[in-house]
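To keep things clear, I will list the structure first and then write my remarks on it.
The values are calculated or read from the model by the stated rules, or taken from the named source; none is laboratory data. Computed from a prediction, not measured in an experiment: that's the story for all the values here. Positions of Cβ are backbone-derived with ideal geometry, glycine not excepted, and every protein chain shown enters the neighbour counts. Heavy atoms of the whole protein, side chains included, go into the accessibility calculation; ligands, DNA and RNA do not. Shrake-Rupley method; radii C 1.70, N 1.55, O 1.52, S 1.80 Å.
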Amino acid sequence: MLRGTLMQYVFRNQDFINIRRKFSTSSKLIILTDNDKTDVILNMFCDQILQSSLPIMFHINNPFYHSISPSQNSYVNVLSDYLGIPNLSWDPDITLASQVEDGRRLLLSPSLYLQVKAMFSILDHYNWTDISLVTTKYTGFEDFLAAVHQLVRNSKKAPNGKPRYKIIEELELHNMTKPGLRYSLASLQQTDARIILFHGKSVETSEVLEIAGEVGLTEREYLWILTLDSIPKNKLMIAPKGYPLGLLGLYYENGYDKPAMDDVIKMTVDIWATALNNMAIDMIAGKVKPAPINQGCNSTGSMFWKGGESIFRYLKNVTTTSPWAVEFDEKGVLQQSAFKIINLQKQKDYANHKWIEVGSWNRTSGLKMRKITWMGGSLSAPLGKPARRFVRVATLKEEPYVMYEEMPAEGCSSHAVLCRIYPRGEGKRRLQETTVDACCTGLSIDLLVRLSQDLNFDFDLFEVKDGEWGAENNGEWNGLVRVLMDNKADMVVTSFKISPDRNTQVDFSLPYLETGITIIVSIREGAISPKAFLEPYDYPSWGLILVFSVHATGISIFVFEWLSPNGLDRGRVSEREHKFSLFRSFWLIWAMLLSAAVSTDTPRSVSSRFLANMWALFALVFLASYTANLAAFMITKEEFYDLSGIRDWRLQNPQSMKPPFKFGTIPSGSTESNIKKNDPEMWRYMRKYNQTSVPNAIMAVKSQKIHAFIYDATVLEYEAGRDEGCRLRTVGNWYAMTGYGIGFPRGSKWLTKVNEIILQLNDEGETERLKKFWLKGACRTKQKHGVTKRSFGKAVSSHTLGILNFTSAFILLACGIALGALLHFLEHLYYRCGRQRLKELDKKGCCSLVSYGMGNSLSRTNTVSDVIHFHRKHRCKNRFCEVQFWKAQHQLDVALLKIERLQKTLKRLNVEKDREAVWKYDPHVRRHPNGCISEKRDVDDTDQNEHLSIQDSELIGDQPLLKCNIERESSF
């Protein structure tokens with residue numbers, strides 16, 4: 001009947017008749033027999049197909065008659081692919097996901113990839129994201145799995161709001177016996193699989209569903225979706241006995257009956273005729289010349305027909321809209337497939353359940369669904385996940401993984417969860433035996449929330465009663481480990497470190513964050529040394545520079561100047577012509593050394609000047625090197641113990657330091673257990689410095705009660721990153737690398753599920769995001785830009801300069817002021833007590849050679865200042881005395897002016913400069929009111945004028961200054 005229908009339509013087609021005229025007998029239409037035996041099919045290829053020059057094969061399979069032998073049907077496709085013959089195939093039982101390599105098959109039936117897309121549309125419609133896959137070894141199962149995996153991967157790249165699918169379980173049924181199926185499907189029942197996609201041979205579906213019902217996989221919370229190949233096909237669409245109610249499946253939209261096959265035949269001939277017509281036009285135009293096939297069944301070598309590629313290219317480029325839209329991709333796979341969504345429902349007139357159409361799907365309009373009968377007689381769609389469970393979760397405070405907050409009146413915020421904690425005092429001491437409600441937040445809490453969402457559970461989060469992390473003491477475990485061992489908690493979520501000892505008692509998930517053991521220390525504020533300005537050079541260098549070099553050079557310059565005929569010439573040069581002394585030489589040396597802008601007396605001799613220039617060169621080099629090194633000692637010095645790690649000599653031998661090096665950790669934790677196991681001596685020493693909590697330890701380190709604190713690396717990195725003032729540093733290499741995991745009792749069913757979620761979070765980058773959000777601190781960036789130098793086991797970091805940087809400079813200035821005050825006191829002491837004595841000893845003026853100022857002070861007489869000082873000491877007590885004192889002081893000043901005038905007059909008159917001619921003040925000589933001296937004998941005031949002759953007078957202010965014609969007297 002099928003043969004007649006095909007022949008009848010072919011020869012009614014005018015296009016086919018025209019093409020036959022053009023190709024003569026080159027291209028034949030081959031109609032396969034309804035006999036599906038392999039030898040018959042092979043003979044057909046040898047006797048008919050390979051005898052044609054340009055063969056094109058139509059393979060149209062009737063599923064109602066050939067479904068019992070799908071292997072023979074696939075044999076046709078295998079031969080056509082092997083020979084390279086173009087094949088227009090309509091075989092609903094052969095629905096490959098894609099074209100085989102170098103294949104030349106046009107798939108007119110829907111592909112597995114499109115079937116999987118239709119299945120995912122159903123999943124999307126009901127918001128089912130967790131799926132499980134069950135397949136047999138039937139043809140196409142690998143393509144089915146590949147298509148599902150591809151769509152799952154694509155969903156993870158979809159924008160937010162789109163469903164992200166996850167494969168819960170992937171089960172391949174190898175052993176199709178009842179015990180084998182029962183064992184395999186029972187393992188599936190232990191998982192969270194609720195939505196099951198099945199692909200297999202239709203005759204195998206009954207066996208699989210029968211055992212699935214026995215193990216409870218067809219209850220109301222489950223749903224099975226079958227591919228085309230998995231559904232037994234018959235005209236009445238009656239399911240075999242034992243099929244559970246509520247199954248969903250895909251069915252070919254155009255059906256499998258004779259009208260559907262007639263439509264396929266018409267479409268196939270149209271495609272074939274259109275392709276040959278287009279190729280004939282191009283052949284006439286000389287654009288293409290296909291190579292005919294020239295091998296037979298008895299040929300040797302490769303039998304693949306390379307010339308068939310040009311014919312296949314024309315076939316796959318054909319598009320048609322009748323009887324339905326047809327378009328192929330580059331590999332010849334149909335792109336415009338459509339499916340019916342069928343549901344197994346109960347019918348009154350039939351003993352077995354019947355497949356009823358409840359929806360449709362195509363690539364353009366998508367999915368349309370109607371009322372469905374669900375498995376187990378449920379009135380609503382299953383959730384697609386297990387019913388929400390309840391989990392007991394133990395925790396313990398550890399910033400930033402778990403942090404406690406007070407419960408506000410409106411409840412916990414969206415970033416925190418409700419938890420039960422014990423109010424505690426010092427040393428983890430419980431203040432009461434009952435818990436109080438609080439809000440918990442942190443990195444581990446965010447992870448717990450994500451697990452509860454993905455694994456569909458609610459939880460009770462509570463703090464462990466004894467407040468310990470879990471360590472073995474005298475053979476007994478405490479803390480979090482004890483809670484899991486006693487099954488008082490289903491999991492532990494906090495910064496629970498994975499260790500070999502703990503792993504012998506409880507199970508751990510995969511680590512979600514790496515950690516280890518490290519050390520934290522505090523920066524000690526850099527106190528600038530009071531002698532920091534001296535530190536660029538050591539003390540011998542300063543002694544050589546400031547004691548020997550300065551004084552040796554100063555003395556040398558003075559000696560050269562004293563001996564030089566151009567200098568002091570051994571004292572022959574008067575002081576009016578050249579003033580230079582030993583102290584002035586030192587003044588010059590110091591001024592040049594310090595580059596001081598002060599007035600100095602320079603030497604005259606060539607040797608002295610040369611030596612002064614050499615000293616200037618020395619001062620230049622000295623100042624340059626001193627300035628360059630001074631900066632290193634005047635900057636802020638923040639010192640901290642730069643320990644190399646847990647094996648640092650200060651930790652291994654703390655008594656070698658004075659005072660001993662103090663360090664500790666938190667007891668009953670993995671850090672202490674590790675140190676106790678690997679270094680007992682170190683553990684015994686540090687026990688007296690152990691701390692009750694991390695905040696207490698940080699305070700102890702910053703106050704220098706202990707010098708270092710050993711603990712989990714990530715926790716200490718967090719504390720250092722958020723420290724106010726950034727005074728903390730983590731030092732040394734990480735030791736005993738491990739990770740934080742979630743703890744479970746032995747044999748917990750949650751372990752595998754949590755591991756899958758952790759791997760998924762790592763792939764999505766969620767774990768890294770949590771790490772950056774919670775562990776990054778403000779001090780991290782700041783520390784990267786600091787300058788750190790290490791010396792003698794200490795680290796010194798430099799920062800901006802402050803007042804403390806100049807402490808030594810201020811101390812130096814204060815010392816200078818104090819020394820100046822001391823010199824001021826000594827100066828007064830010298831003028832009061834030592835000057836007169838030194839004047840008596842210095843008969844030849846040697847002091848002037850040492851210091852010109854000292855020599856000048858010896859020749860200085862009492863001045864008005866001396867009188868004023870005497871007056872202040874013997875101050876008048878009444879007004880009359882003050883007037884008389886002022887009058888005497890004024891007369892004394894006028895007298896001094898007159899004396900100066902008389903000295904200038906003597907010099908102008910060339911009076912002999914001998915000792916007798918120099919006027920000196922004699923308080924016992926009587927004077928006239930005009931200032932002239934009377935004779936030694938006592939005379940009346942009227943007789944004084946006889947010895948004076950006034951030559952002229954000058955007014956100085958309001959007082960007349962008299963010039964006397966002085967006769968030489970013995971008193972002068």
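Counting only heavy atoms of protein chains, what accessible area per residue, in Å², does region 295-399 have with a probe of 1.4 Å? Can you show the working numbers first?
Working: 5640 Å² over 105 residues.
Each residue of region 295-399 exposes 54 Å² on average to a 1.4 Å probe.
By accessible area, using a 1.4 Å probe on protein heavy atoms only, region 140-252 has 50% of its surface on carbon and sulfur. Between residue 471 and 478, the built amide H atoms are under 5 Å apart, and every one of these is 5 or more places off in sequence or on another chain. A simple packing score, the average count of other Cβ atoms within 10 Å per residue, orders the peptides 901-909, 400-408 as 400-408, 901-909, with the highest score first. Each residue of region 385-401 is assigned a 3J(HN,Hα), and the resulting list reads 9, x, 4, 4, 9, 10, 10, 8, 10, 9, 8, 7, 5, 6, 6, x, 7 Hz, derived from the Karplus form 6.51 cos²θ - 1.76 cosθ + 1.60 (θ = phi - 60°), x at Gly and Pro.
Which order, highest average first, do 589-596, 706-713 follow once you tally other Cβ atoms within 10 Å for each residue and take the mean per peptide? Intermediate values should be presented prior to the final figure.
Working: 589-596: 15.9, 706-713: 24.8.
Those peptides, ordered most packed to least, come out 706-713, 589-596.
Legend: residue pairs 676/749; 428/676; 157/497, Cα-Cα distance threshold 24 Å; pairs beyond threshold, 676/749; 157/497.
Within the full protein context, the accessible area of residue 350 is estimated at about 80 Å² for a probe radius of 1.4 Å. In terms of the mean number of neighbouring beta-carbon atoms within 10 Å, the peptides 290-298, 603-611 order highest first as 603-611, 290-298.
Cβ-Cβ distance of residue 537 and residue 598, R₀ of 35 Å, FRET efficiency by 1/(1 + (r/R0)^6): the value works out to about 0.90.
Heavy atoms of the protein chains alone define the surface here; on that basis region 454-561 has 40 Å² accessible area per residue at 1.4 Å probe size. Amide H contacts of residue 59 (H built 1.01 Å from N, in plane; Pro and chain starts excluded): 88, 89, 90 sit under 5 Å, all sequence-distant by 5 or more or on other chains. Legend: residue pairs 162/776; 178/348; 166/241; 137/316; 166/397; 241/348, Cα-Cα distance threshold 26 Å; pairs beyond threshold, 162/776; 178/348; 166/241; 137/316; 166/397.
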